[in-house]
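The values are calculated or read from the model by the stated rules, or taken from the named source; none is laboratory data. Computed from a predicted structure; not experimentally measured. So basically every Cβ, Gly included, is an ideal-geometry build from the backbone, and we count neighbours across all protein chains shown. Accessible surface areas use protein heavy atoms only, side chains included; no ligands, DNA or RNA. Shrake-Rupley method; radii C 1.70, N 1.55, O 1.52, S 1.80 Å.
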Amino acid sequence: MAAEKIKIGSGTAPAAICAPEPPVYPKRWFCAAILTNGETFKQDAEAPDRFLEILPRAVVAWIDYRTNDVEKDAPSVSAQLGFSNLLLSTLTCEPRLTYEDFDTEMGMRLPSVRVHDFDVVSYPLLMLLRKNFVLTVHSVDVDARFARLRRYSDTVLRKIPLEAAPEDRLTMLMMRIVEENNDSNFQRLREIEDRGDRLNDDLMNSSTPRDRLAREIYTMKHALISYMNSLWETVDVLHALRDGDAELISNDYRLLQRIGVQADDVARQIALAEHMSSVLASGLEVMQAIYNNQLQVLNNRLAL
């Protein structure tokens with residue numbers, strides 16, 4: 001059948017060419033699992049019904065849910081997967097509590113950082129664990145960090161040995177998700193650094209108003225503080241996991257050492273951010289000294 005023609009000015013064009021294609025958005029639910037027979041399952045959907053059928057036959061699985069409001073949707077989402085309301089209310093209602101263990105289920109809240117110029121926003125990433133699967137609930141505003149993990153999730157699961165203990169398999173999957181989130185958070189510091197380079201150009205320009213420079217230096221310093229606060233939340237969670245006290249977490253020394261390495265990586269990022277903050281503080285002191293000198297010169301002239 002010939003393509004339908006649409007008039008544009010004095011000519012015509014095929015409708016299939018002129019009509020823009022609707023954007024393709026990922027579905028809210030996603031599941032990747034490795035089954036007892038060694039096969040992998042990967043599917044996205046708008047409801048978790050199919051995933052609930054797969055979980056009993058899964059050796060280990062990852063279920064991901066994207067939402068516009070984590071705190072609002074997390075209770076109903078977790079309830080569909082069998083998690084208790086007490087676990088969710090503990091993680092979402094208590095701002096300082098980022099880790100909870102109830103033996104047969106456990107949960108943690110990690111920060112997912114997004115940076116736009118000097119505006120640092122930390123979105124909650126909820127990670128809930130049961131005997132053979134991990135559930136993550138995150139905001140659509142940080143979808144990009146899990147797009148790659150969704151794409152290669154079957155490859156990631158195939159690297160988990162089937163002969164490993166259940167808690168070892170669950171720990172391996174959990175750490176892979178934590179690493180993906182941490183790596184994305186580390187990239188945000190680079191964005192702040194790039195914005196800081198533009199600020200250095202303004203500092204070298206003598207015509208730049210000093211009051212604007214002082215305001216931008218303060219804004220960048222505030223962004224670094226917000227960034228460091230988010231990373232400290234990650235350190236708290238990793239320290240809680242590093243001892244392997246939870247029933248669902250592995251006691252294997254090598255896996256626990258891997259958690260410790262992740263905590264050290266986050267600590268190094270915090271040290272870099274603190275160093276940048278110290279440099280900015282020095283810049284503010286220099287600007288204040290220049291301003292005081294200029295004011296003293298003006299006072300001397302007036303006195304003369």
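Tabulated data for the structure shown
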read-out	value
Projected-area average for segment 54-129 over all orientations - Cα convex hull basis, square nanometres	6.1 nm²
Surface accessible to a 1.4 Å probe, GLU247 within the full protein complex, Å²	130 Å²
Segment 28-150 - percent of accessible surface contributed by carbon and sulfur, probe 1.4 Å	47 percent
Packing-based ranking, highest mean first, of 107-114, 229-236 given that Cβ atoms within 10 Å are counted	107-114, 229-236
Relative contact order %, segment 75-125, counting alpha carbon pairs below 8 Å whose residues are six or more apart	22 percent
Residue-span extension gain [ASN68 to ARG50] - 0.36 nm each, minus C-alpha spacing	4.2 nm
Å² per residue, accessible surface of segment 87-143 at 1.4 Å	38 Å²
TYR152, TYR65, ranked by accessible area, largest first (probe 1.4 Å)	TYR152, TYR65
